[in-house]
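Below is one structure; the comments refer to it alone.
Only the coordinates and a few stated rules stand behind these numbers; no lab work does. Predicted model, so just to flag it, every value in this text is computed and none were measured. No Cβ is skipped: glycine too gets one built from the backbone with ideal geometry, and neighbour counts run over all protein chains shown.
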Amino acid sequence: MSPSPAAEPPTPAHAAGRIVNSYAALGDSFTAGRDSIDAERWADLLAAGMRRVNPELRYENLAVDGATSAEVLDGQVGPALALEPDFISVICGANDVLLATRPDVEGYAERIDQILRRLREGAPEAMVVTATAPEVWQFMGLRPRTEARLVAATTELNDVTRAAAARYDVLCLPVAGHPALRDPATFSDDGLHPSSAGHKTVAEQAAVFLHEHFGIEFRMEGEA
């Protein structure tokens with residue numbers, strides 16, 4: 001997504017013109033979708049933008065609704081590497097907070113390190129991207145104490161994600177703090193998962209970041 005006022009823009013790492021041949025998307029419901037159908041999820045839209053440049057693109061969305069970081073590590077990393085990807089997105093951790101009575105940030109720190117290390121070892125030349133999680137939950141109708149607990153936990157979670165990404169030279173998209181998170185149209189009725197409009201926003205702005213940082217070529221829907 002595009003940078004919030006507090007986020008620094010990515011530094012271009014490669015010359016423009018890189019073509020993706022194989023894309024593996026890993027994660028939870030943010031990537032798997034909940035109310036969105038196949039082909040309308042942000043990763044699907046991003047892959048479609050890659051495929052308009054390279055019709056031979058291989059793409060697999062391995063994300064699972066409700067997956068924790070442990071389930072991503074155990075069930076998705078291996079199949080992703082089997083695709084021999086040159087581009088990987090892996091975004092998880094929110095369920096480690098949302099589905100736990102006590103948010104397991106320490107466990108997440110261990111698992112995201114293992115996930116990124118295995119991806120780096122198994123696909124050393126691949127471009128890898130992750131993202132922070134939203135730190136605002138105002139559309140979920142939570143009680144103040146519950147909302148405060150989630151905000152504190154996701155803030156800590158995001159610090160862990162940024163640190164792990166830096167260790168493994170992984171691009172971390174700054175979802176946290178993005179202005180779209182304060183627009184109810186970004187979310188489905190549950191106030192948590194992206195709506196179709198939200199998925200479209202993520203895809204379009206991720207494409208901008210990825211082009212600037214990696215030089216990946218996209219032709220998103222509606223572009224000449």
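Suppose R0 equals 30 Å; then what is the FRET efficiency for residue 159 and residue 125 from their Cβ-Cβ distance, rounded to the nearest 0.05?
Details: r = 28 Å, r/R0 = 0.94.
After rounding, the FRET efficiency stands at 0.60.
What's the local net charge at residue 105, with K and R +1, D and E -1, over the other residues with C-beta under 11 Å away?
On the way: positive: 102, 111; negative: 96, 104, 106, 110, 156, 159.
Surrounding charge for residue 105 is -4.
Amide H of residue 87 versus every other amide H placed in the peptide plane: which residues, excluding those fewer than 5 positions away on the same chain, fall under 5 Å?
Long-range HN contacts for residue 87: 22, 24, 127.
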